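Visitor: Could you have a look at this structure, given as structure tokens, before my questions?
What follows is calculated from the coordinates using simple rules that are stated; it is not laboratory data. Everything quoted here is computed from the prediction, not taken from an experiment. Here Cβ is always computed from backbone atoms with ideal geometry, including for glycine, and neighbour counts include all displayed protein chains.
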Amino acid sequence: MSNEELKSLAASCPHFYWKLFQSTFLISAFTVGGGFVIIPLLRAKYVDEYGWLNDKDTLNLVSIAQSMPGIVAVNASIILGYRMAGIRGALTALSATILPPLFTLSLIACAYDWFASNQYVRYLLKGMQCGATALIVNVSIDLLQKQLKKKMLLPLAIIAGTFLANFCFEVNIMLLIIFDGLLGLLFMRSREYGK
């Protein structure tokens, strides 16, 4: 959907803000393991279920959210809400994103000693960490397959070079992001890459 279609949907549907709040709240509640876990959750909810975004919009949203200071999930929710319904949408999505961690951290703070020493909580967190890793690997494979289908050499070279530089040579990730951004700015401005 275009920005205008989303804003008209928000204006015409009385339950739009509740739907946005509820879906963003659930995504925030289950984004465990870092910012990249949000990608499959956003995609499942807003691309597959609601049809509010497409794959490219979702990746652009996460890319912008990741490049800004702050928490990826919060940045993504603000951008998503603003794109859908302006300032009211941004505030709705922001509040829905902040509430689950606020409740969780408040609960943990009340019983911190018990949580820190409980063996079962540690097992639970390890299991969630494994699940988050699986989601990130799944998204990575999916994105790589899409790039392979396009058969464009430069994006594939950037992917391979970035992986090798970080994994094998331990180049600082911030330097890689800046370098990849410059490569994109200089060499990927054609319509062929903008698809």
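Visitor: Per residue of the stretch 152-161, in order, report the coupling 6.51 cos²θ - 1.76 cosθ + 1.60 (Karplus, θ = phi - 60°) as ³J(HN,Hα) in whole Hz, putting x for Gly and Pro.
Guide: Karplus values, whole Hz, x for Gly and Pro: 9, 6, 4, x, 5, 5, 5, 4, 5, x.
Visitor: Apply the Karplus parameterisation 6.51 cos²θ - 1.76 cosθ + 1.60, with θ equal to phi minus 60°, to every residue of the stretch 119-135 and state each ³J(HN,Hα) to the nearest whole Hz, in sequence, with x for glycine and proline.
Guide: 5, 5, 5, 5, 5, 4, 5, 5, x, 5, 5, 5, x, 5, 4, 4, 5
Visitor: Take the chain, connect every pair of alpha-carbon atoms lying under 10 Å apart with a spring to form a Gaussian network, then pick out the residue of Pro155, Pro69, Pro40 with the largest mean-square fluctuation.
Guide: Of Pro155, Pro69, Pro40, the Gaussian network model singles out Pro69 as fluctuating most.
Visitor: Related question: Can you list the HN-Hα couplings for the stretch 174-186, worked out from phi with the Karplus curve (6.51, -1.76, 1.60; θ = phi - 60°), rounded to whole Hz and with x for Gly and Pro?
Guide: For the stretch 174-186, the Karplus-derived couplings read 5, 5, 5, 5, 4, 4, 5, x, 5, 4, x, 5, 7 Hz, x marking Gly and Pro.
Visitor: Cut-off 10 angstrom, C-alpha nodes, Gaussian network model of the chain. Which of Thr133, Thr92, Thr162 fluctuates the most?
Guide: Looking only at Thr133, Thr92, Thr162, the largest GNM fluctuation is found for Thr162.
Visitor: Within 10 Å of each residue's Cβ, count the other Cβ atoms and sort Met174, Met84 from fewest upward.
Guide: Met174, Met84
Visitor: Among Ser95, Ser140, Ser77, which one shows the highest mean-square fluctuation when the chain is modelled as a Gaussian network with alpha-carbon springs under 10 Å?
Guide: Ser140
Visitor: One quarter of the convex hull surface, Cα atoms only: what value does that give for the stretch 51-121 in nm²?
Guide: Details: hull surface 26.5 nm².
Projected over every direction and averaged, the Cα hull of the stretch 51-121 covers 6.6 nm².
Visitor: With all pairs of different alpha carbon atoms counted, what Kirkwood hydrodynamic radius in Å does the stretch 101-195 show? Mind dumping the intermediate values first?
Guide: Details: mean 1/r = 0.0590 Å⁻¹.
The answer is 16.9 Å.
Visitor: Cβ under 11 Å from Leu80's Cβ, Leu80 left aside: what net charge do those residues give with Lys, Arg +1 and Asp, Glu -1? Before the final figure, lay out the partial values.
Guide: Working: positive: Lys45, Arg83; negative: Asp57.
Within the 11 Å Cβ shell, the charges total +1.
Visitor: Additional query: If we restrict to alpha carbons, what Rg and Dmax does the chain come to, in Å?
Guide: Spelled out, the Cα radius of gyration and Dmax of the chain are 18.8, 56 Å.
Visitor: Counting only pairs 8 or more residues apart or on different chains, how many lysine pairs in the chain have their Cα atoms under 29 Å apart?
Guide: 22
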